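Working notes, structure below.
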Amino acid sequence: QVQLVESGGGLVQPGGSLRLSCEASGSIFSINAMGWFRQAPGKEREWVATIPKDGTTNYADSAKGRFTVSRDNAKNTLYLQMNSLKPEDTAVYYCHANIRSTGGYNDNYWGQGTQVTVSS
């Protein structure tokens with residue numbers, strides 16, 4: 001089986017920083033695109049950032065200039081560096097990955113989510 005395990009969430013003051021991590025493990029042949037989504041209370045889950053295998057990045061407008069997504073292919077790990085955090089960034093952040101298993105199939109996987117709270 002394939003698992004995505006997230007870490008790094010927490011409570012920070014406005015203007016602070018957090019670095020989220022997501023490690024994929026299990027029956028992995030290769031990882032295609034990876035990305036981050038978030039969901040605030042009472043809101044739909046929204047896309048934050050995506051990074052394909054080649055390392056190019058795409059960001060939601062809300063994340064541009066403040067967030068940086070990266071990946072370490074050797075470690076099967078995804079990161080999200082979040083700077084200048086705002087209260088509206090408060091949400092559960094989910095890691096997503098499209099993964100080719102050792103069985104030869106491409107499937108989408110989600111992490112369990114990690115809470116980010118930005119408040120004074």
- Query: Does any residue in the stretch 64-75 that is among the charged types (D, E, K, R) come within less than 6 Å, Cβ to Cβ, of a residue that is open to solvent by less than 90 Å² (accessible area, probe 1.4 Å) and part of a strand (DSSP E or B) six or more places away or on a different chain, and which pairs are these?
  - Reply: Arg71/Met34; Arg71/Ile51; Arg71/Leu78
- Considering the stretch 104-120 alone, what residues qualify as being over 27 Å from Arg66 (Cα atoms) and in a loop (DSSP other than H, G, I, E, B)? Gly104, Tyr105
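For the stretch 68-103, give me each residue that is part of a loop (DSSP other than H, G, I, E, B), over 13 Å from Val2 (Cα atoms) and not hydrophobic (A, V, I, L, M, F, W, C).
As a first pass, look at the stretch 68-103 and keep what is part of a loop (DSSP other than H, G, I, E, B): 76, 83-86, 90, 102-103.
Pick out the ones that are also over 13 Å from Val2 (Cα atoms) and you get 83-86, 90.
If the condition is that a residue be part of a loop (DSSP other than H, G, I, E, B), over 13 Å from Val2 (Cα atoms) and not hydrophobic (A, V, I, L, M, F, W, C), then Asn83, Ser84, Lys86, Thr90 are the ones that fit.
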- Over the stretch 53-67, the set of residues assigned to a loop (DSSP other than H, G, I, E, B) and of a type outside the set (A, V, I, L, M) is Lys53, Asp54, Gly55, Thr56, Thr57, Asp61, Ser62, Lys64, Gly65, Arg66
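Take the residues of the stretch 58-82 that are open to solvent by 60 Å² or more (accessible area, probe 1.4 Å) and of a type outside the set (Lys, Arg): which is nearest to Ser17 (Cα to Cα)? Talk me through it step by step, then tell me what you get.
First, the residues of the stretch 58-82 that are open to solvent by 60 Å² or more (accessible area, probe 1.4 Å): 58, 61, 64-65, 68, 73-75.
Checking which are of a type outside the set (Lys, Arg) leaves us with 58, 61, 65, 68, 73-74.
Values: Asn58: 20, Asp61: 18, Gly65: 13, Thr68: 11, Asn73: 24, Ala74: 25 Å.
Filtering first and then ranking leaves Thr68.
The values are calculated or read from the model by the stated rules, or taken from the named source; none is laboratory data. Computed from a prediction, not measured in an experiment: that's the story for all the values here. Reconstructed Cβ throughout: ideal geometry from the backbone, glycine too, with neighbour counts over all protein chains shown. The area values use the complete protein model at the heavy-atom level, side chains included, leaving out ligands, DNA and RNA. Shrake-Rupley method; radii C 1.70, N 1.55, O 1.52, S 1.80 Å.
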